[in-house]
Amino acid sequence: MLPIVAGLAIVALIYWFFFGPRREEAGQVTPEGVQEFTITVSGAYSPSRLVVEPGRPVRLIFDRQETESCSDQVLIPEYGIARDLPPFKQTVVEFTPAEPGDFVFACSMGMYRGTILVAREATGKVDLDIKGMTCAACVSRVEKGLRRVPGVMGASVNLATETAQVAAGAGVTVEKLVGAVERSGYAASPKRATSAERDVERAREARLVGAKFWVALALTLPVLATSMHIPGVPTMPTWLQLALTAPVILWAGRHFFVQAAKALRYRAADMNVLIAIGTGSAFGYSLWRTILAKGGHAEVYYEVAAAIITLILLGRCLEATAKGKTGDAIRKLLELEAKSARVIRNGEELVLPLGDVVKGDIVIVKPGEKIAVDGVISEGSSSIDESMLTGESIPVDKVPGHQVYAGTLNQQGSFRFEATGVGQETALARIVQMVQQAQG
């Protein structure tokens, strides 16, 4: 009877850990409109990550439950606050944040640290970069986490591009969205990187995963071969198996344990948690048996832990290769884009980077040049190759009043046009966006 009760208790504990109520980081708003947080000071600040709104007063109530000298003062440098914290008493700190950003509060010795996130309004469409997703289940978990944020009207996550697009209503902040993703067990940040930067980052990650796989394979094969009881193959000493397996677990497989720790920190479970538990148990048990054997033979499972890590790294290598190929179509589309444009400003002809062109600019296009942005011809005429849009190889004649599109090629004449679509508003940008969505 006792084992059954113990088993049920363990199951209940696991269920509560992953699915039970969780402590929120946002404080209570008092009837006076003050954002109020109670922070327990005992070995650390809890909670240590606070989300507040700009322009609204904040009240921090520090409840110090210890006498350690390192926590006898709290500092918030950005707001010029330095306040003593008497032991076993509550101390109130008040201020009004003005600008969005991340601000640190810490003890005088810097051993206890926390972060105050002054939120930024995110009404409209918000793009986030997501790290750590490996499968469709990860996508589903992130989408559910984002949709649970009050005010979010929809969320779509793209595994191929590792991005999320969120439709946010009033009251939704970027920090709330990032926090929702982190509580799901993944890393998130506002989308800042360009396609080129993401390609470089992916190539670097692919090289690192490839290097880890080949090193893990070279170390795992001898351990695996000598553990299969193949006739004529001698058994490898236990200590040598440990020496070969340790780098596979601690270096090649370190990423799985780090990601598992992040997921468990937010009471979430993913494939990394399963890998870490499985390989960590096999390696830990084998290490314990090796120590007890004192150099003698012992029944160990080093080959199991090493083989699991190596095979999963092989899968990650194939995944990185596939992601690199999915970016080829987008990369080819982006190569159609012009890098600069001739613009008339204040009566002068300037050559500007594409990002500096704005709606209403008068753009000059000469024979043989690519059209930089979408617009309507205001002066001149020409024939334009629009095959990148229509597939039709015969140039199209254009006169004043006709629409022209970014990425198409001017053939013969010169003309001027008024920019009506720039940046993500061009037809080419929308095509790229649809290709990205299709790959997700």
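The values are calculated or read from the model by the stated rules, or taken from the named source; none is laboratory data. Because the structure is predicted, anything quoted here is derived from the model rather than measured. Virtual Cβ from ideal backbone geometry, glycine too; neighbours counted across all protein chains shown.
Observations
- All positions within the range 336-375 that are β-branched (Val, Ile, Thr) and under 20 Å from residue 431 (Cβ atoms): 357, 371, 373
- Within the range 403-419, residues that are of a type in the set (Asp, Glu) reach partners that are assigned to a loop (DSSP other than H, G, I, E, B) with beta carbons closer than 9 Å, at six or more positions or on different chains, in the pairs 418/359; 418/360; 418/361.
- Selection status of residue 240, in a helix (DSSP H, G or I), over 21 Å from residue 319 (Cα atoms) and either at pLDDT 90 or above or among the small types (Gly, Ala, Ser) (or both): no
- Elements of type strands (runs of 3 or more DSSP E) in the range 53-107, at least 1 residues being among the basic types (Lys, Arg) and within 35 Å of the chain's Cα centre (by Cα): 58-64
- Residue list for the range 46-65, restricted to those being modelled with pLDDT of 85 or more and not polar (S, T, N, Q): 57, 58, 59, 60, 61, 62, 63, 64
- Verdict on residue 224 being surrounded by 12 or more Cβ atoms within 10 Å (Cβ to Cβ), more than 35 Å from the chain's Cα centre (by Cα) and among the aliphatic types (A, V, I, L, M): yes
- Just one of the listed residues (161, 123) is under 30 Å from residue 316 (Cα atoms), modelled with pLDDT under 80 and not aliphatic (A, V, I, L, M), and it is 161.
- Filtered residues of the range 304-320 (kept if at pLDDT below 90 and surrounded by 14 or more Cβ atoms within 10 Å (Cβ to Cβ)): 316, 317, 319, 320
- Close pairs (9 angstrom Cβ cut-off, 6 or more residues apart or separate chains): closer than 17 Å to residue 244 by Cβ in the range 278-297, among the polar types (S, T, N, Q) and not in a helix (DSSP H, G or I) anywhere: 297/235
- Selection from the range 126-158 of residues that are in a loop (DSSP other than H, G, I, E, B) and modelled with pLDDT of 80 or more: 133, 148, 149
- Count - residues of the range 76-105 that are free of Cβ contacts under 8 Å to residues at least 60 places away in the same chain and either assigned by TED's automatic domain parsing to the domain that holds residue 184 or crowded, with 18+ Cβ neighbours inside 10 Å (or both): 5
- Residue 287 being touching a helix residue (DSSP H, G or I) at 6+ places or on another chain (Cβ under 9 Å), closer than 18 Å to residue 236 by Cβ and assigned to a helix (DSSP H, G or I): yes
- Some residue of the range 340-357 being outside any helix (DSSP H, G or I) and touching a Gly at 6+ places or on another chain (Cβ under 6 Å): no
- Positions within the range 130-147 being surrounded by fewer than 18 Cβ atoms within 10 Å (Cβ to Cβ) and in contact with an Asp or Glu (Cβ under 8 Å, 6 or more places away or on another chain), in sequence order: 131, 134, 137
- Residue within the range 204-211 that is closer than 30 Å to residue 302 by Cα, touching a helix residue (DSSP H, G or I) at 6+ places or on another chain (Cβ under 8 Å) and either at pLDDT below 85 or among the basic types (Lys, Arg) (or both) present: yes
- Residue identified as farther than 28 Å from residue 177 by Cα, touching a Lys or Arg at 6+ places or on another chain (Cβ under 8 Å), hydroxyl-bearing (Ser, Thr, Tyr) and modelled with pLDDT of 80 or more among 91, 115: 91
- Within this structure, residue 218 fails the test of being within 29 Å of residue 179 (Cα to Cα), exposed (fewer than 14 other Cβ atoms within 10 Å of the Cβ) and small (Gly, Ala, Ser).
- Which numbered condition residue 196 fails, given (1) modelled with pLDDT under 75; (2) within 16 Å of the chain's Cα centre (by Cα): (2)
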